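Following: one structure in C-alpha coordinates, then a few remarks.
The values are calculated or read from the model by the stated rules, or taken from the named source; none is laboratory data. All values derive from a computational prediction rather than experimental measurement. Backbone-built Cβ (ideal geometry, glycine too); neighbour counts: all protein chains shown.
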Amino acid sequence: MNATCPKCQTENLTTAKFCKKCGSPLGEVQGISNIAIADDKLYEIAMEEIENNSVQKGLYARAFSQSEGDKDKTDALYIKFRVQSLQDELVLEAEQERTLKEEHNKEKLLKEQKDKEEALYIALRPKNLLQEFIRENGLSIYKKITDTEYLVCRQNSPLDYNVIYVDNQWRFRNDT
(Lines give C-alpha, C1' and ligand atoms only; values in the text may rest on other atoms or scores of the structure.)
Protein backbone atom coordinates (compact mmCIF):
# COMPACT_ATOMS: atom_id res chain seq x y z
CA MET A 1 0.00 0.00 0.00
CA ASN A 2 1.32 3.45 -0.91
CA ALA A 3 1.02 6.80 0.81
CA THR A 4 -0.43 9.59 -1.30
CA CYS A 5 1.07 13.04 -0.86
CA PRO A 6 -1.69 15.45 0.27
CA LYS A 7 -0.04 18.31 -1.61
CA CYS A 8 0.86 16.92 -5.06
CA GLN A 9 -0.99 13.54 -5.02
CA THR A 10 2.23 11.60 -5.82
CA GLU A 11 2.28 7.96 -4.67
CA ASN A 12 5.08 7.27 -2.15
CA LEU A 13 6.20 4.21 -0.20
CA THR A 14 4.28 3.78 3.05
CA THR A 15 7.57 4.03 4.95
CA ALA A 16 8.46 7.41 3.37
CA LYS A 17 8.39 10.37 5.73
CA PHE A 18 8.49 12.97 2.93
CA CYS A 19 7.12 13.08 -0.63
CA LYS A 20 9.68 12.05 -3.23
CA LYS A 21 8.38 14.72 -5.64
CA CYS A 22 7.60 17.85 -3.62
CA GLY A 23 9.16 17.07 -0.22
CA SER A 24 5.95 17.55 1.76
CA PRO A 25 5.74 15.59 5.02
CA LEU A 26 3.87 12.26 4.98
CA GLY A 27 2.56 9.88 7.66
CA GLU A 28 3.31 10.84 11.26
CA VAL A 29 5.16 13.96 10.17
CA GLN A 30 2.11 14.94 8.14
CA GLY A 31 0.00 14.89 11.33
CA ILE A 32 2.06 17.76 12.70
CA SER A 33 2.03 19.68 9.39
CA ASN A 34 -1.75 19.34 9.28
CA ILE A 35 -1.81 21.67 12.25
CA ALA A 36 -0.96 24.55 9.91
CA ILE A 37 -3.66 23.39 7.48
CA ALA A 38 -6.19 23.25 10.31
CA ASP A 39 -5.47 26.80 11.50
CA ASP A 40 -8.67 28.14 9.95
CA LYS A 41 -10.68 25.55 11.87
CA LEU A 42 -8.90 26.50 15.10
CA TYR A 43 -9.73 30.18 14.60
CA GLU A 44 -13.32 29.16 13.92
CA ILE A 45 -13.44 27.21 17.19
CA ALA A 46 -12.10 30.20 19.14
CA MET A 47 -14.58 32.55 17.47
CA GLU A 48 -17.50 30.21 18.21
CA GLU A 49 -16.43 30.08 21.86
CA ILE A 50 -16.67 33.88 22.01
CA GLU A 51 -20.01 33.92 20.18
CA ASN A 52 -21.47 31.19 22.42
CA ASN A 53 -20.01 32.71 25.57
CA SER A 54 -18.19 29.44 26.28
CA VAL A 55 -14.68 30.87 26.48
CA GLN A 56 -11.96 29.46 28.67
CA LYS A 57 -12.08 31.88 31.55
CA GLY A 58 -8.37 31.86 32.36
CA LEU A 59 -7.38 32.65 28.78
CA TYR A 60 -10.08 35.28 28.48
CA ALA A 61 -8.92 36.91 31.72
CA ARG A 62 -5.34 37.05 30.43
CA ALA A 63 -6.57 38.60 27.17
CA PHE A 64 -8.69 41.09 29.13
CA SER A 65 -5.76 42.14 31.33
CA GLN A 66 -3.49 42.64 28.33
CA SER A 67 -6.08 44.66 26.39
CA GLU A 68 -6.67 47.08 29.26
CA GLY A 69 -10.40 46.41 29.19
CA ASP A 70 -11.01 46.99 25.46
CA LYS A 71 -13.64 44.37 24.44
CA ASP A 72 -12.54 44.08 20.77
CA LYS A 73 -8.86 43.78 21.75
CA THR A 74 -9.82 41.24 24.42
CA ASP A 75 -11.66 39.10 21.87
CA ALA A 76 -8.76 39.37 19.40
CA LEU A 77 -6.20 38.40 22.04
CA TYR A 78 -8.43 35.57 23.27
CA ILE A 79 -8.60 34.19 19.72
CA LYS A 80 -4.80 34.41 19.45
CA PHE A 81 -4.25 32.71 22.82
CA ARG A 82 -6.93 30.07 22.21
CA VAL A 83 -5.59 29.13 18.77
CA GLN A 84 -2.11 28.74 20.27
CA SER A 85 -3.59 26.61 23.06
CA LEU A 86 -5.40 24.37 20.55
CA GLN A 87 -2.23 24.05 18.44
CA ASP A 88 -0.29 23.05 21.55
CA GLU A 89 -2.92 20.41 22.33
CA LEU A 90 -2.67 19.01 18.79
CA VAL A 91 1.12 18.85 18.97
CA LEU A 92 0.91 17.15 22.36
CA GLU A 93 -1.61 14.62 21.03
CA ALA A 94 0.61 13.91 18.00
CA GLU A 95 3.64 13.44 20.26
CA GLN A 96 1.68 11.15 22.60
CA GLU A 97 0.45 9.09 19.65
CA ARG A 98 3.99 8.84 18.28
CA THR A 99 5.28 7.80 21.71
CA LEU A 100 2.57 5.14 22.00
CA LYS A 101 3.44 3.82 18.54
CA GLU A 102 7.13 3.73 19.47
CA GLU A 103 6.36 1.87 22.71
CA HIS A 104 4.13 -0.56 20.81
CA ASN A 105 6.89 -1.14 18.25
CA LYS A 106 9.45 -1.71 21.01
CA GLU A 107 7.14 -4.21 22.72
CA LYS A 108 6.55 -5.94 19.40
CA LEU A 109 10.31 -6.13 18.71
CA LEU A 110 10.98 -7.47 22.21
CA LYS A 111 8.30 -10.14 21.75
CA GLU A 112 9.71 -11.10 18.35
CA GLN A 113 13.21 -11.34 19.87
CA LYS A 114 11.90 -13.48 22.74
CA ASP A 115 10.04 -15.73 20.29
CA LYS A 116 13.22 -16.13 18.21
CA GLU A 117 15.24 -17.00 21.31
CA GLU A 118 12.63 -19.56 22.38
CA ALA A 119 12.55 -21.07 18.89
CA LEU A 120 16.34 -21.27 18.86
CA TYR A 121 16.35 -22.90 22.30
CA ILE A 122 13.77 -25.44 21.17
CA ALA A 123 15.70 -26.11 17.97
CA LEU A 124 19.03 -26.54 19.78
CA ARG A 125 17.69 -28.47 22.77
CA PRO A 126 17.82 -31.93 21.15
CA LYS A 127 21.44 -31.39 20.05
CA ASN A 128 22.47 -30.10 23.46
CA LEU A 129 20.75 -33.03 25.14
CA LEU A 130 22.40 -35.45 22.67
CA GLN A 131 25.84 -34.11 23.53
CA GLU A 132 25.06 -34.52 27.23
CA PHE A 133 23.66 -38.06 26.68
CA ILE A 134 26.75 -39.09 24.71
CA ARG A 135 29.13 -37.68 27.31
CA GLU A 136 27.26 -39.27 30.26
CA ASN A 137 27.19 -42.69 28.58
CA GLY A 138 30.73 -42.65 27.21
CA LEU A 139 29.54 -42.83 23.60
CA SER A 140 30.76 -41.61 20.23
CA ILE A 141 28.56 -40.74 17.27
CA TYR A 142 29.08 -43.22 14.50
CA LYS A 143 26.43 -42.07 12.04
CA LYS A 144 23.51 -39.64 11.90
CA ILE A 145 20.37 -41.38 10.64
CA THR A 146 17.90 -38.48 11.13
CA ASP A 147 17.75 -35.40 13.34
CA THR A 148 16.16 -37.58 16.02
CA GLU A 149 18.07 -40.83 15.52
CA TYR A 150 21.80 -41.58 15.61
CA LEU A 151 23.94 -44.68 15.43
CA VAL A 152 26.47 -44.57 18.27
CA CYS A 153 29.09 -46.82 19.75
CA ARG A 154 30.75 -47.13 23.12
CA GLN A 155 34.38 -46.27 23.25
CA ASN A 156 36.54 -49.41 22.80
CA SER A 157 33.48 -51.52 21.89
CA PRO A 158 32.62 -53.10 18.53
CA LEU A 159 28.85 -52.85 19.17
CA ASP A 160 26.66 -50.13 17.65
CA TYR A 161 23.56 -48.72 19.35
CA ASN A 162 20.67 -46.69 18.02
CA VAL A 163 19.71 -43.68 20.10
CA ILE A 164 16.47 -41.81 19.49
CA TYR A 165 14.99 -38.54 20.70
CA VAL A 166 11.59 -39.25 22.29
CA ASP A 167 9.58 -37.18 24.79
CA ASN A 168 12.28 -34.50 25.01
CA GLN A 169 15.05 -36.92 25.88
CA TRP A 170 17.55 -39.20 24.18
CA ARG A 171 17.23 -42.97 24.77
CA PHE A 172 18.71 -46.15 23.50
CA ARG A 173 16.32 -47.60 20.94
CA ASN A 174 15.49 -50.64 23.12
CA ASP A 175 14.79 -48.48 26.27
CA THR A 176 11.23 -47.47 25.29
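For a quick check of your reading of the model, give me the residue pairs whose first member lies in the range 38-51 and is closer than 24 Å to residue 6 by Cβ, whose second is part of a helix (DSSP H, G or I), with beta-carbon atoms closer than 6 Å and at least 6 apart or on different chains.
Going by the 6 Å Cβ cut-off, the qualifying pairs are 42/83; 42/86; 43/83.
Evaluate the range 84-102: report whether one residue or more is over 30 Å from residue 44 (Cβ atoms) and modelled with pLDDT of 85 or more.
Within the range 84-102, one or more residues are over 30 Å from residue 44 (Cβ atoms) and modelled with pLDDT of 85 or more.
Yes/no per residue for (1) exposed (fewer than 10 other Cβ atoms within 10 Å of the Cβ); (2) among the hydrophobic types (A, V, I, L, M, F, W, C); (3) modelled with pLDDT under 90; (4) farther than 30 Å from residue 45 by Cα:
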position: 105; (1), (2), (3), (4): no, no, no, yes
position: 126; (1), (2), (3), (4): no, no, yes, yes
position: 168; (1), (2), (3), (4): yes, no, yes, yes
position: 176; (1), (2), (3), (4): yes, no, yes, yes
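Could you please find all residues in the range 100-125 being more than 21 Å from the chain's Cα centre (by Cα) and of a type in the set (A, V, I, L, M, F, W, C)?
Result: 119, 120, 122, 123, 124.
Tell me, please, whether a residue that is in the same structural domain as residue 7 (by TED's automatic domain parsing), in a helix (DSSP H, G or I), at pLDDT below 95 and in contact with a strand residue (DSSP E or B) (Cβ under 7 Å, 6 or more places away or on another chain) can be found in the range 33-55.
Checked against the condition, which is being in the same structural domain as residue 7 (by TED's automatic domain parsing), in a helix (DSSP H, G or I), at pLDDT below 95 and in contact with a strand residue (DSSP E or B) (Cβ under 7 Å, 6 or more places away or on another chain), the range 33-55 yields at least one hit.
Considering only the range 68-103, state which residues are of a type in the set (Asp, Glu) and surrounded by 14 or more Cβ atoms within 10 Å (Cβ to Cβ).
The answer is 75, and nothing else.
Any residue in the range 72-97 that is over 16 Å from residue 49 (Cβ atoms) sitting within a Cβ distance under 6 Å of a residue that is of a type outside the set (Asp, Glu) and not in a helix (DSSP H, G or I)? List the pairs, counting only those 6 or more apart or interchain.
Taking only residues 6 or more apart or on different chains, the pairs are 73/67.
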